[in-house]
1. Looking only at 112, 52, 103, which one moves most when the chain is put into a Gaussian network model with springs between Cα atoms under 10 Å?
2. Counting only pairs 8 or more places apart or on different chains, how many lysine pairs in the chain have C-alpha atoms closer than 29 Å?
3. Give me the net charge of residue 31's neighbourhood, meaning all other residues with Cβ under 14 Å from the Cβ of residue 31; Lys, Arg count +1, Asp, Glu -1.
4. Any idea what diffusion coefficient the chain gets from Stokes-Einstein, in µm²/s, Kirkwood Rh on alpha carbon pairs, 4 °C, 1.567 mPa s?
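Just so it is clear, none of the values below were taken in a lab; they were calculated from the coordinates. Given the structure is predicted, the values throughout are model-derived calculations rather than measurements. Note that we place each Cβ from the backbone using ideal geometry, even for glycine, and neighbour counts take in every protein chain shown.
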Amino acid sequence: MSHWGAGLLAAGIAWVSNRFVVKFLGEKAIIGVIPWWEETLKTGIALFSGASLLFTHGVFGLVEAFYDYFTAPSWGVLAGFLSMLSHWFYGFITLFVYKQTSSWLGGILCASLLHVFWNYLMAVVSRKN
């Protein structure tokens, strides 16, 4: 599978499952569940399909960027840009940690922690606006 297919598959699964989780857990899911799930999905699908890890994360970020742009017109361009950049960065962190430790789990955990922190910051910022 190409990185396009892997990224689109991960984004589609995340979109459906994230809506379900947020419906039941509310904002807590955005900080406490979704980052772990998304990092596991992106990396897992890339690894199992043989797709590029970095490009899979990048495609996922691109899909999220379009979603942000169309659902938040007032700040969608910035949100979209940050989505692309952050998801690519999570992929980079995952790969970097893997190369240092030979542990995909370690890479996913490190990227997930950064993703949790980022989502927390965004939740705080959005509450203030």
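1. In this elastic network of the chain, the residue with the biggest mean-square fluctuation among 112, 52, 103 is 103.
2. Close lysine pairs found across the chain: 5.
3. Surrounding charge for residue 31 is -1.
4. 89 µm²/s
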